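See below for the structure under consideration.
The values are calculated or read from the model by the stated rules, or taken from the named source; none is laboratory data. The model shown is predicted, which means the values in this text are computed figures rather than measured ones. Here the Cβ positions follow ideal geometry from the backbone for every residue, glycine too, while neighbour counts run over all protein chains shown. The protein model used for the area step is the full one, side chains on, heavy atoms only, and it has no ligands, DNA or RNA in it. Shrake-Rupley method; radii C 1.70, N 1.55, O 1.52, S 1.80 Å.
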Amino acid sequence: MRIATWNVNSLRVRLPQVVAWLAEAGPDLLGVQETKLQDADFPAAELAEAGYHALYSGQKTYNGVAVLSRDPGLTGVATEIPGFPDEQRRVLAATAGQVRFINLYVPNGAAVDSDKYRYKLAWLEALGEWLEEELARHPRLVVVGDFNIAPEDRDVHDPAAWAGEVLVSEPERAAFRRLTALGLVDCFRRFDQPEAVFSWWDYRAAAFRRNNGLRIDHILASQELAAACSACTVDRTPRGWERPSDHAPVIADFDVA
DNA sequence: ATGGCGCTCGAAGAGCGA
């Protein structure tokens, strides 16, 4: 089973790239973030033509998440963190067979100590409580998305320049470690990886060409699924296409039915 | 060098992302 995540930064703009990438990479499940589409405008027909059933939870202009699945028989759909009502559409969970799939667009946080930063930390706190329950219910749980956290300095192109900034600050990293302490495994770090592998590069200052990036998009798996994970990679290719998203897809393969 | 680029809304330029 192939599971992937991709912040597309506008599905309206990126739909042709998403369709092309689905045909190349062939994920069974793809978590999409930043669709920036109301549900009425979601391109369900185009994606169905590409062979994918879609769930979506959108809003105008900002945020918006979707789950694309080869298997149309998804159940247990959730669009909120229980007990954390939120107008921002950042959560979409569903069960495919025995696999519980949770797709997240974690708040960006804007700047350390801002209102948005405090919202991000509160959001992550509520997420942790929910994921603890989800883990108890679902031995095969995978949590994907744009976490907007680079967990360690090796996930940052220039740790000195980024020290203490939003996306790398210690409270954010502590929130990420709280998730892994629940028993969720960062699939990317289960394997030997090259140095300087990132999933996001600023549009400005030729950041992609210089590989000035951050690894902020992640695939976390329960221990049962992590044990069945055979690979986890970032696919840099779409970031090099014309008019790309600033994020690249992350892919993990699992030896489960 | 504290900007730089790209998307949205809406029809200019501000807000936002990371």
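Here are some notes:
- Prolate/oblate/rounded call for the range A:161-237, Cα gyration tensor, a/c under 1.5 rounded: oblate
- Chain A - charge dipole about Cα centre, Lys and Arg +1 at Cβ, Asp and Glu -1, debye rounded to 20: 340
- Ranking by accessible area, most exposed first, for A:Leu37, A:Leu135 with a 1.4 Å probe: A:Leu135, A:Leu37
- For chain A, the alpha-carbon coordinates run over 46, 43, 38 Å along the three principal axes, in decreasing order.
- For the range A:2-254, the antiparallel share of DSSP beta bridges with both residues in that region comes to about 80%.
- At least 15 Å along the helix axis (C-alpha) and Kyte average at least -0.5, DSSP helices within chain A: A:11-25
- The accessible area of A:Glu152, taken with all protein chains in place and a 1.4 Å probe, comes to roughly 80 Å².
- Charge-dipole axis of chain A as Lys and Arg at +1 and Asp and Glu at -1 on Cβ define it, positive-most pick from A:Val19, A:Pro171, A:Ala228: A:Val19
- Dimensions of the range A:1-86 from C-alpha coordinates, computed as largest minus smallest value along each principal axis and given longest first, are 38, 27, 20 Å.
- Solvent-accessible ranking of A:Lys120, A:Lys36, A:Lys60, largest area first, probe 1.4 Å: A:Lys60, A:Lys36, A:Lys120
- In the assembled protein chains, A:His157 presents an accessible area of approximately 70 Å² (probe radius 1.4 Å).
- Cα gyration tensor shape for the range A:124-257, rounded if a/c is under 1.5, else prolate or oblate: oblate
- With DNA, RNA and ligands ignored, accessible area of A:Trp241 (1.4 Å probe; Å², nearest 10): 70
- Per-atom-type breakdown for chain A gives carbon and sulfur 49% of the accessible area (1.4 Å probe, protein chains only).
- Relative contact order (%) - chain A, alpha-carbon pairs under 8 angstrom, separation at least six: 19
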